[in-house]
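Undergrad: Have a look at this one before I ask anything.
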Amino acid sequence: MSLLFELPEVPSVPVVGEEARYPVRRVFCVGRNYAAHARELGNAVDREAPIWFTKAPAAICASGSAIAYPPGTQDCHYEMELVVAIGGHGFEIPAEQAMALVYGYACGLDMTRRDLQNAAKAKGYPWDTGKDFENGAVIAPITPAAAFGAPGEQRITLARNGVTKQNAPLSEMIWSLPELIADLSRLYHLAPGDLIYTGTPAGVGPVAPGDRLEGRVEGLEPVVLAIEPA
């Protein structure tokens with residue numbers, strides 16, 4: 001079959017201790033999964049159901065990159081997150097079996113054009129332009145699940161220009177990882193290559209040209225992003 005034009009290569013992420021890379025199939029993100037973060041943005045805290053949105057694989061950005069300030073926004077925010085890399089197939093999986101689908105974990109940044117997101121929310125529109133944009137899904141190398149261990153009390157932190165802005169244990173998630181994976185598997189046939197950004201703790205805020213972000217989860221490779229000077 002011939003194509004009218006060449007498509008870019010499938011985005012992929014390095015894996016700690018492996019030569020082969022993890023190809024990215026889809027990027028799922030959950031919103032309002034830490035109570036303090038939901039409250040800081042003026043949102044209700046509940047366990048009715050996880051709030052899902054997606055980013056295109058083209059949004060993937062490697063840790064260590066230096067990027068231009070995102071276009072179309074005057075208020076781009078960082079959101080530090082634990083990313084789950086799926087390594088198995090699953091549909092309608094019960095929570096007690098969900099962790100068997102996990103290949104590994106990584107640090108990630110869910111970059112957000114907050115002004116566009118807020119404008120969309122005020123009108124009841126989708127969040128797409130606020131969330132899904134080039135370099136909007138930053139990710140560090142993936143650590144295999146066996147090397148990381150069970151997620152629990154590990155701290156998730158983010159520093160902007162060396163000053164800590166986010167700091168919380170992973171245990172503060174409203175929806176646990178098994179619950180998130182099980183819920184997502186009711187909506188999609190999960191498969192290797194699917195990434196899940198699992199939400200951000202309190203302390204999100206704006207970035208500016210010249211900023212350097214460094215996010216960490218204990219036991220994982222840090223995620224680093226620089227915003228190029230104006």
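Every read-out reported here was derived from the displayed coordinates using simple, explicitly stated rules and does not represent laboratory data. The model shown is predicted, which means the values in this text are computed figures rather than measured ones. Methodologically, a virtual Cβ is constructed for each residue, glycine included, from the backbone with ideal geometry; neighbour enumeration extends over all protein chains shown.
Undergrad: Report the relative contact order of the chain, percent, no decimals, based on alpha-carbon pairs under 8 angstrom and at least 6 residues apart.
TA: Working: 579 pairs, mean separation 71.2, N = 230.
Relative contact order, the chain: 31 percent.
Undergrad: Under 13 Å between alpha carbons, and skipping anything fewer than 8 positions from Lys131 in its own chain: which aspartates and glutamates qualify?
TA: Filter leaves Asp75, Glu79, Asp110, Asp115.
Undergrad: For the ranges 49-57, 121-129, what's the packing order if you count other beta-carbon atoms within 10 Å of each residue, average per peptide, and put the highest first? Mind dumping the intermediate values first?
TA: On the way: 49-57: 16.4, 121-129: 12.0.
Listed from highest to lowest mean packing, they are 49-57, 121-129.
Undergrad: Right, next: Mind checking which of Ala147, Ile86, Ala122 is farthest towards the positive end of the chain's charge dipole, using Cβ charges of +1 (Lys, Arg) and -1 (Asp, Glu) about the Cα centre?
TA: So the residue furthest toward the plus end is Ala122.
Undergrad: First select every other residue whose beta carbon is under 10 angstrom from the beta carbon of Asp132; then total the charges, Lys and Arg +1, Asp and Glu -1.
TA: Details: positive: Lys55, Arg113, Lys131; negative: Asp128, Glu134.
Computed value for this residue: +1.
Undergrad: Determine the dipole magnitude for the stretch 39-135: charges of +1 sit on the beta-carbon of Lys and Arg, -1 on that of Asp and Glu, nothing else is charged, the reference point is the Cα centre, and the result goes in debye to the nearest 20. List each step's numbers first, then the result.
TA: Details: 8 positive and 13 negative charges, 41 e Å.
Taking the Cα centre of the stretch 39-135 as origin, the dipole is about 200 debye.
Undergrad: Please work out which option in [x] -0.50, -1.00; [y] -0.42, -0.99; [z] -0.56, -1.08 gives log10 I(q)/I(0) by the Debye sum over Cα atoms at q = 0.10, 0.15 Å⁻¹ calculated from these coordinates, and answer with its label.
TA: Checked against the structure: label [y].
Undergrad: About the Cα centre of the stretch 143-230, what is the dipole size in debye to 20, counting +1 per Lys and Arg Cβ and -1 per Asp and Glu Cβ, all else neutral?
TA: On the way: 6 positive and 10 negative charges, 33 e Å.
Rounded to the nearest 20 debye, it is 160 debye.
Undergrad: Here's a follow-up. Through the Karplus equation 6.51 cos²θ - 1.76 cosθ + 1.60, θ set to phi - 60°, convert the phi angles of the stretch 51-67 into ³J(HN,Hα) values in whole Hz; use x for Gly and Pro.
TA: 9, 9, 8, 10, 10, 5, x, 5, 7, 4, 9, 6, 4, x, 6, 10, 10
Undergrad: Give the peptides 208-217, 61-70, 193-202 in descending order of average Cβ contacts within 10 Å, highest first.
TA: Values: 208-217: 18.3, 61-70: 15.5, 193-202: 24.9.
The packing order, highest mean first, is 193-202, 208-217, 61-70.
Undergrad: Can you tally the net charge around Asp194? Count Lys and Arg as +1, Asp and Glu as -1, for every other residue whose Cβ sits under 9 Å from the Cβ of Asp194. The partial results should precede the final answer.
TA: Numbers: positive: Arg25, Arg26; negative: none.
For residues surrounding Asp194, the net value is +2.
Undergrad: Under 5 Å between amide H atoms, partner at least 5 residues away or on a different chain: which partners does Arg26 have, H built in plane at 1.01 Å?
TA: Close amide H contacts, sequence-distant or interchain: Asp194, Leu195.
Undergrad: Collect residues whose amide H, placed 1.01 Å from N in the peptide plane, falls under 5 Å from the amide H of Val138; neighbours closer than 5 in sequence don't count.
TA: For Val138, whose amide H was placed from the backbone, the distant partners under 5 Å are Cys61, Leu109, Met111.
Undergrad: Excluding Leu101 itself, what net charge comes from residues whose Cβ is under 15 Å from its Cβ, given Lys and Arg +1 and Asp and Glu -1?
TA: Details: positive: Arg25, Arg26, Arg186; negative: Glu92, Glu96, Glu179, Asp183, Asp194.
Surrounding charge for Leu101 is -2.
Undergrad: Also, quick follow-up: Mind checking which of Ala68, Leu4, Phe28 is farthest towards the positive end of the chain's charge dipole, using Cβ charges of +1 (Lys, Arg) and -1 (Asp, Glu) about the Cα centre?
TA: Ala68
Undergrad: To the nearest 20 debye, what charge dipole does the chain have about its Cα centre, counting +1 at the Cβ of each Lys and Arg and -1 at the Cβ of each Asp and Glu? Mind showing how you got there, number by number?
TA: Working: 18 positive and 27 negative charges, 86 e Å.
With Lys and Arg at +1 and Asp and Glu at -1, about 420 debye.
Undergrad: What is the diffusion coefficient of the stretch 76-211 in µm²/s, taking the Kirkwood radius over Cα pairs and the Stokes-Einstein relation at 25 °C with a viscosity of 0.890 mPa s? Each step should come with its number before you reach the end.
TA: Details: Rh = 16.0 Å.
This corresponds to a translational diffusion coefficient of 153 µm²/s.
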